[in-house]
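Presented below is the structure to which this report refers.
The values are calculated or read from the model by the stated rules, or taken from the named source; none is laboratory data. Predicted model, so just to flag it, every value in this text is computed and none were measured. Counting neighbours? That spans all protein chains shown, and the Cβs are built from the backbone with ideal geometry, glycine included. What goes into the accessible areas is simple: the full protein's heavy atoms, side chains included, and nothing from ligands, DNA or RNA. Shrake-Rupley method; radii C 1.70, N 1.55, O 1.52, S 1.80 Å.
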Amino acid sequence: MTSVILNGILIGGVYALLALGLVMIYGVMRIVNLGHGPLVALAGYITFSICSLLKVDPMILLPLNGVLFYGLGILVYKTLFKPVISKSRIVTLILTMGLGYIIQSLILIVWGADYRSILTPYSSRSITVAGIPVSFMRTILFLLAFFIIVLMYIVLNRTKIGKAMLACSQNLEGAKIVGINVDKVFEFTNGISFAVVGIAGTMIAMIIVLYPTVGDLFTLKSFCINVLGGLGSVIGIPIGGIILGLAESISSIFLPVMWNNGVAFLILVLVLLVRPTGFFGRPENL
Amino acid sequence: MKKALVMLLVVALLAGAFGFAPARAGNIVIQMTIGSTKAYVNSKEVILDQPPVIENGRTLVPFRFIGEAIGAKIDWDPVKKAVSYILEDTKIILIIGSTTAFVNGVATRLDVAPKILSGRTMVPVRFISETIGAKVDWDSKTRMVTVTVSVKEKAPVKIGAAIALTGKYATSGQYYKMAWDLAVDEINSEGGINGRKIQLILIDDQSNPTNTANAYTKLIQENGVIATFGPFTTDCTVPAANIVEKFKVPMLSAGSATAALYQRGYKYYFGVFPPTDAYIPPIMETFNSLKDEVKTIAISYESTDWGKELSSKLKDAFTNAGFKVVVCEERENGGMDYTPLLTKIKSLAPDAYLDAGHTTDEILLARQSKEIKFNPKIWYGGLTADYNFLKNIGAKDAEGVMGSIAYSSNAHTQGNRQFVDAFKKRYNVDDVEYHAGIAYAAAQVLFDALKRAGNNLSPEAIRNAIAQTDMETVIGRVKFDNTGKNMYSFMPLVQIQNGKYEVISPSTVATAHIEFPKPAWGR
């Protein structure tokens, strides 16, 4: 039982890291980024290529991929999101869906359809916590997720740009009225969200197998966490992630394993019935 | 370009009949000199038994030589003393000593009768050539006859398939395309099917059964394919088989291992992929030999038709043989975290663990087994014998893992060496993935059947030719029973030992002894 709960919490951290980029883009810009999963996969593939080419440890690439994806985020915002951001939400939805397909096709062209894994001496290692073997990589991912979420929380609540992001998230019109340069805030938000995606992709690529359409799995999980924790709520992400992780793990003790997704989505439905905004969401974020 | 290629092929085919390499693309040019045994076909020298002669101002040449040179089917009737040529829709019959010849049954007068010289039948070259539409030139100075046959492009033999080129099974789908492209190019460079090139039309179904059904309908109704290869995965194969059955177009499947497909009474569906039944005997042979040490067994399986079928057959076989199956759990197909499943199974402490699943899941199952230190004495993953498993796990962690495999690049099957070499060279890869091997075998069987069906390439004739197949392929012998199943289906049990796949069962083809118990992960 302890091992199951421990694993549930750890995988919850992985899910949280996965969902963070999606949540921030939605929270501030109201864009549902369906290209989220493929972007995570892209970061994984880039890590795979650099690691196998230069024979370096993938951990070194964390800051590099962060910067690279920050740049990509700015570029995507300026060229794709900015022209349509004031349009109907359906337009941005279709746009990001298309972006996702383009990235998947790009992966298929550049890396081919073969399965890819990033193997390091410490992948699949385990450490012993209270006499229970737990995955070393997942522990690292959990800690990293925790660190990044705390960092984001500080940025949002203590810095000027962070407060501007929160303002845009709470009331876009109000933010414009008090003189916030909404365009700059969106640009920064997209950049920083993509950076988080880049970091998440680098780490997650080390615990899964990469193939061109692996991203679909990520989009689904991230979306579920986003809704559970509260749409666009950064602080809700770890809660959503851990609830999802625990629901999957604990249900498998009592029920057939096949039902764990069903249980996770049942909880999602129940939460939506009781609190339509998710745990930490605000009605204005819907 | 296309035309030139076809000509090249025809010339190559003709040249092959004479035992030399093709000279150049274009028309067939035959040169003979009166009184000389030296003749030339496309500038390549051929020695004649009997030199051409002139009779009443007409040149007579050896019957067999000119027939083979122009690419005609030749025949000799000793009773009627008649020789005949068949080239496409023209049939010419000549009778020795008679000036009456028959072209498609119509009597035609010759200036000079065919005759026998030194045991060789000599026929008038101008008559033969002009009847089949070839051009004849006479050079009185060098006394040389030149026959130029222009080769018409023949309509290609169209075959088709829907296969996953994008989507969740694109990885495996690509291997099918690679193998089929190679097989098609090989047969076309050898002259195709009776001189007709094979044209393979592939449609990407993205592993979506609705797309698959639409794709086969389109292939048959719009593209007019006369035979098909099957798609990948059972989920897509079922609708595809229903479509080809409805239109009565044969299908050679290399993409479904489900045995239930053969119980549906299909007449046009044939499969070379070993069905789930084939997995069981080698597994049981190994387990029965370890009865003292292995008593409890845990099984998990992916949520697909194939996974369900294989796991239930395994469960039945183990139960009947006196083993205790402690759990048989269905699991998600293509998930991220199998730790809950593995933790549950670990808590039951089985002696052996078997999973019926595909490669990506097997990779994650193996890694996550290692992470939670789940170390049963036997760890079997249905498709871990795919080389992608070893590549994505590393030899150290893969040590002792077992799986089943339908094709192996180092198997000593007929033609396998050449296939593996050609595949590696063409695609610049270091090994041949097993789906590619099975796909290639399907192509071998279909092309062999097309050749045997001869000039009558109706779907019905092709179907009958496939049904009569009994041949050696890269996956071993193929012969279909009346349900369309390969009765020599073969699925050996392999184990990864020192970074290599070794066959451990059946003992008749084993390459190594079993490593038992499996060492702990990473040891």
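Before moving on, here are some points about what is shown:
- Relative contact order of the range B:131-236, pairs being alpha-carbon contacts under 8 Å that are 6 or more residues apart, as %: 34 percent
- Solvent accessible area, Å² - A:Ile90, 1.4 Å probe, full protein context: 100 Å²
- Convex hull volume per residue in cubic angstrom - Cα atoms of the range A:52-148: 173 Å³
- Convex hull of Cα atoms in chain A, direction-averaged projection (nm²): 15.3 nm²
- Percentage of interatomic Cα-Cα distances in the range A:139-227 larger than 21 Å: 44 percent
- Relative protection proxy for B:363-372, A:156-165, from highest mean packing down: B:363-372, A:156-165 (other beta-carbon atoms within 10 angstrom).
- Net charge over other residues, Cβ less than 10 angstrom from the Cβ of B:Tyr216 (K, R count +1; D, E count -1): +1
- Axial C-alpha extent at least 24 Å, average Kyte-Doolittle at least 0.0 - helices from chain B (DSSP): B:2-18, B:434-453
- Which of B:Trp521, A:Trp259, B:Trp76 is most accessible, then next, and so on - probe 1.4 Å: A:Trp259, B:Trp76, B:Trp521
- Relative contact order [Cα under 8 Å, 6+ residues apart], chain B, whole percent: 11 percent
- The alpha carbons of the range A:167-285 occupy a box of 55, 37, 19 Å along the principal axes, longest dimension given first.
- Cα-Cα separations in the range B:407-523 greater than 20 Å, expressed as whole percent: 54 percent
- Note: relative contact order over chain A, using C-alpha pairs below 8 Å and six or more positions apart, is 38 percent.
- Within the protein assembly as shown, helix-based [θ] at 222 nm, where runs of 4 or more DSSP H residues each add -39,500 (n - 2.57), nearest 500: -15000 deg cm²/dmol
- Given B:Lys295/B:Lys370; B:Lys308/B:Lys500; B:Lys91/B:Lys246; B:Lys91/B:Lys115; B:Lys154/B:Lys485, the pairs whose alpha carbons are separated by over 26 Å: B:Lys308/B:Lys500; B:Lys91/B:Lys246; B:Lys154/B:Lys485
- Test item: Cα-centred dipole of the range B:374-523, Lys/Arg +1 and Asp/Glu -1 on Cβ, debye: 60 debye
- Taking every residue in A:110-118 and counting other chain Cβ atoms within 10 Å of its Cβ, the average works out to 5.
- The protein assembly as shown gives an Rg/Rh value of 1.11, both radii derived from C-alpha positions and Rh following Kirkwood.
- Taking packing as the residue-averaged number of other Cβ atoms within 10 angstrom, the listed peptides A:103-110, B:154-161, B:386-393, B:287-294 run from highest to lowest as B:386-393, B:154-161, A:103-110, B:287-294.
- Debye-sum result for the range B:48-168 in log10 I(q)/I(0), which assumes one identical scatterer on each alpha carbon, at q = 0.12 Å⁻¹: -0.48
- Charging the Cβ of each Asp and Glu at -1 and of each Lys and Arg at +1, and nothing else, the dipole of chain A about its Cα centre rounds to 520 debye.
- P(r) tail for the range A:21-104: Cα pairs beyond 22 Å make up 30% of the total.
- Only the Cβ atoms of Lys and Arg (+1) and of Asp and Glu (-1) were treated as charged; on that basis the dipole of the range B:148-269 about its Cα centre amounts to roughly 380 debye.
- Per-residue shielding of B:365-371, expressed as the average number of other chain Cβ atoms within 10 Å of the residue Cβ, stands at 5.
- Per-residue accessible area (protein heavy atoms, 1.4 Å probe) orders B:His513, B:His358, B:His435 as B:His513, B:His358, B:His435, starting from the largest.
- 12 Å beta-carbon shell around B:Val112, net charge (K/R +1, D/E -1): +2
- Carbon/sulfur fraction of accessible area - the range B:482-523, other protein chains in place, 1.4 Å, %: 53 percent
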